[in-house]
Every structure is written in structure tokens, then in C-alpha cells.
1. Among the candidates Q21, Q5, which residue alone is of a type outside the set (D, E, K, R), assigned to a strand (DSSP E or B), loosely packed, with under 13 Cβ neighbours inside 10 Å and touching a Lys or Arg at 6+ places or on another chain (Cβ under 9 Å)?
2. Against the definition (more than 19 Å from V142 (Cβ to Cβ) and over 20 Å from the mean Cα position of the chain (by Cα)), how does T58 come out, yes or no?
3. Tell me which residues, restricted to region 63-76, are modelled with pLDDT of 95 or more and either acidic (D, E) or closer than 23 Å to E143 by Cα (or both).
4. Residue pairs, Cβ under 8 Å, 6 or more apart or interchain, first in region 1-18 and over 20 Å from G35 (Cβ atoms), second surrounded by 11 or more Cβ atoms within 10 Å (Cβ to Cβ) and hydroxyl-bearing (S, T, Y). List them.
5. Residue by residue through region 24-47, note down the ones that are farther than 25 Å from D85 by Cα and assigned to a loop (DSSP other than H, G, I, E, B).
6. From the list E24, E16, E49, which residue is modelled with pLDDT of 95 or more, on the phi > 0 side of the Ramachandran plot and of a type in the set (D, E, K, R)?
7. Only one of these is in contact (Cβ under 8 Å) with a residue 12 or more places away in the chain, within 27 Å of N144 (Cβ to Cβ) and open to solvent by 50 Å² or more (accessible area, probe 1.4 Å): D97, D64, D34. Name it.
8. Among the residues of region 127-135, is any surrounded by 16 or more Cβ atoms within 10 Å (Cβ to Cβ), modelled with pLDDT of 95 or more, under 30 Å from L33 (Cα atoms) and of a type outside the set (D, E, K, R)?
Amino acid sequence: RSRLQVELAGGRLTAELAEMQLYEGAGRATLVLDGSGSVPQVRVTGALENVSARPFLTALADFDWIQGRVAASMDLAAQGASEADLVSALAGQARFDFSNGAILGLNIPKMVRGLTVDTLLGWSENPAQQTDFSVLAASFAVENGIARSDDLEMVGPLVRLTGAGTV
């Protein structure tokens with residue numbers, strides 16, 4: 001079930017997905033494409049709640065190695081005359097929270113316990129392995145097309161990881 005309202009007026013398109021049920025969860029989003037000024041502007045805001053992560057991510061991006069439930073939000077905007085301008089001007093914030101799931105193909109605690117020189121040369125994926133977690137979450141501040149996170153966190157029965165970085 002979904003409900004979409006679209007308005008196009010004066011060179012500005014607003015698409016509001018006010019209600020969306022997908023992958024056992026729900027979401028909402030608004031997309032604004034504004035070509036009314038001298039420089040086009042784009043803004044997307046949205047949120048997902050309690051979505052089944054693996055089928056959603058597989059359909060969205062052929063990304064099938066995380067299972068569990070996901071809640072996510074974003075508020076991103078950019079302006080520019082080309083794709084490169086839009087990417088380099090991207091700004092806003094985003095967040096994801098996975099819960100009660102697993103990273104498939106890797107057993108991180110087992111890998112750390114058996115750390116050897118061979119392991120350091122390259123960890124190989126094993127479809128029979130997984131790393132369970134209760135929480136896998138991060139928030140991102142985006143400025144000039146660069147996303148920064150200082151609060152990556154994964155908590156599970158046998159693993160606790162934190163991290164930070166930029167993309």
C-alpha cells in the first residue's frame with residue numbers, strides 16, 4: 001500500500017510519498033526537483049521504519065549480506081548545473097539503525113580468535129558463517145558531497161565494534 005501525491009508547477013516538481021508499506025515495514029519520502037531558478041536544486045527527505053533489511057537492500061542495490069530490521073532517515077539537498085556539481089554540493093544528514101540481525105558471510109569473532117598471518121593477507125567470505133548483532137547503527141553528516149560518521153556502532157553477543165570515517 002502506498003500513497004503518492006505529485007505536484008508540478010512553475011518548474012518545480014514535488015513528489016510526496018506520504019504512505020508506503022514495503023518489506024514488512026513502512027516508509028515515507030518527499031522529493032523536490034526545483035528547476036525554477038538559475039541553478040537547479042534537489043532535496044530528498046525520508047524515513048523507513050521496521051523494514052526487513054535483506055530483501056529491501058537486495059532489491060534496492062543488490063546488497064544481500066545484512067539481515068535484520070532497519071530504520072533509516074535522510075534529509076539531503078544539493079544544487080548545481082551538472083551531476084558533478086550536484087554531487088559536490090550534497091549536504092544534509094542521514095542515519096541507519098539495523099537491529100536483531102547478522103552480517104552474512106563473515107564470523108568476525110571467529111576470525112579475530114584465529115588471527116594469523118594468512119588472515120591478514122585477506123579474509124575470505126564463507127556463506128555458512130555470520131556475525132550476529134543486536135545493533136548496527138551510524139549517523140552521517142554530509143557536506144560538500146562527503147559523508148562523515150563518528151558514531152558507527154555494532155553490538156552483538158560476541159562482538160562490540162565502534163568506528164568513524166568518511167565516504
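The values are calculated or read from the model by the stated rules, or taken from the named source; none is laboratory data. Small disclaimer: the values here were computed from a predicted structure and weren't measured. Glycine gets a Cβ as well: all are built from the backbone with ideal geometry, and neighbour counts include every protein chain shown. Each accessible area value is taken on the protein alone, full model and side chains, heavy atoms only, with ligands, DNA and RNA left out. Shrake-Rupley method; radii C 1.70, N 1.55, O 1.52, S 1.80 Å.
1. Numbers: Q5 fails: touching a Lys or Arg at 6+ places or on another chain (Cβ under 9 Å).
The match here is Q21.
2. no
3. Once the filter is applied, which keeps residues that are modelled with pLDDT of 95 or more and either acidic (D, E) or closer than 23 Å to E143 by Cα (or both), region 63-76 yields A71, A72, S73, M74, D75, L76.
4. Every condition considered, the pairs that remain are L17/S2; L17/T30.
5. E24
6. On the way: E16 fails: on the phi > 0 side of the Ramachandran plot; E49 fails: on the phi > 0 side of the Ramachandran plot.
The match here is E24.
7. Numbers: D64 fails: within 27 Å of N144 (Cβ to Cβ); D34 fails: open to solvent by 50 Å² or more (accessible area, probe 1.4 Å).
It is D97.
8. no
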